[in-house]
Each structure stands twice: as C-alpha cells, then as structure tokens.
1. Evaluate the following for Ile47: is it at pLDDT 90 or above and assigned to a loop (DSSP other than H, G, I, E, B)?
2. Can you name the residue in the stretch 67-90 that is at pLDDT below 90, in a loop (DSSP other than H, G, I, E, B) and more than 13 Å from the chain's Cα centre (by Cα) and is also farthest from Thr109 (Cα to Cα) among such residues?
3. In this structure, is Arg27 in a strand (DSSP E or B), open to solvent by 100 Å² or more (accessible area, probe 1.4 Å) and not hydrophobic (A, V, I, L, M, F, W, C)?
4. Can you name the condition, by its number, that Lys111 falls short on among (1) farther than 16 Å from Val11 by Cβ; (2) at pLDDT below 95; (3) in contact with a helix residue (DSSP H, G or I) (Cβ under 8 Å, 6 or more places away or on another chain); (4) open to solvent by 40 Å² or more (accessible area, probe 1.4 Å)?
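The values are calculated or read from the model by the stated rules, or taken from the named source; none is laboratory data. Source: prediction; values computed, not measured. Note that each Cβ is placed from the backbone with ideal geometry, even for glycine, and that neighbours are counted across all protein chains shown. Each accessible area value is taken on the protein alone, full model and side chains, heavy atoms only, with ligands, DNA and RNA left out. Shrake-Rupley method; radii C 1.70, N 1.55, O 1.52, S 1.80 Å.
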Amino acid sequence: MMVFNDSISDVFTRIRNANLVGHNTVRVPLTLTTKSILNILVHHGFIKNFSQINNREFLVTLKSKSVLRKLKRLSRPGCRLYVSAQNLPQILRSGQLGLAPRAIIFLSTSKGILSDREARHLKVGGEILGYVS
C-alpha cells in the first residue's frame with residue numbers, strides 16, 4: 001500500500017503520466033475529492049469516463065486522442081491559494097501563459113469542488129486546487 005500526503009497531486013500525476021505514455025486507462029485512489037475532480041474532467045471532456053473497480057480505486061478511461069495538455073496542482077498543503085467570488089481568475093486565451101481556451105480551474109468551495117465556470121455561476125470563491133488545459 002502506497003502512502004501519500006497530497007491525494008490531489010497524486011491523481012493529477014497519475015493521469016498526466018498515463019496520458020504522456022499513451023495508456024488508455026489508469027487507476028487512481030478512491031476518495032470523494034478524486035470523484036469530484038473526475039466528474040469535472042468528464043463533464044468538460046478531458047477524460048472519457050471513470051468507474052469504481054473496488055473499494056479503494058477508480059479506473060479512469062482516457063480519451064484515445066489526447067486532449068490533456070497540462071494538468072497542474074496550484075494550491076499545495078504548504079502554500080494555499082484562495083480567491084473570492086469577485087476575483088475568480090478568467091480563463092486565458094491561447095498564447096497567454098500557455099493556457100488553452102478550453103482550460104478549467106478546479107476550486108474547493110463551500111459548495112464542493114467546482115470548475116471555475118460553475119463557481120462563477122454560483123458566485124462562490126474558495127481554494128484554487130489546480131488547472132487542466
């Protein structure tokens with residue numbers, strides 16, 4: 001059994017590495033946080049789907065054509081990044097800081113883990129967990 005302190009970074013790294021080497025599936029630890037992040041990735045079309053394979057893991061099915069360019073953790077256990085609803089970062093256009101137009105930001109809010117678009121719609125702020133483009 002592998003012990004990890006930052007489950008979000010672990011999930012991001014597993015998905016990013018599987019995508020880079022061309023694997024179709026990857027196993028990630030089963031947590032409520034992981035489930036919320038995977039739901040957002042499926043909803044926005046970055047992964048194909050995911051399913052629970054046992055009481056400890058999800059099996060994530062990646063898209064055959066790679067749509068993941070970057071998957072990065074921003075807020076870390078030692079350095080948290082918070083943002084108010086009024087100061088939610090805007091999605092940058094292609095060419096600005098390397099983010100693609102489809103990029104989304106993951107936020108941990110009082111309403112759960114949301115994409116930046118959902119948080120903006122609900123007018124809630126929170127901790128910036130990371131982004132995908």
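1. yes
2. Only one residue fits best here, namely Val67.
3. It is true that Arg27 is in a strand (DSSP E or B), open to solvent by 100 Å² or more (accessible area, probe 1.4 Å) and not hydrophobic (A, V, I, L, M, F, W, C).
4. Going through the list (1) farther than 16 Å from Val11 by Cβ; (2) at pLDDT below 95; (3) in contact with a helix residue (DSSP H, G or I) (Cβ under 8 Å, 6 or more places away or on another chain); (4) open to solvent by 40 Å² or more (accessible area, probe 1.4 Å), Lys111 breaks only (2).
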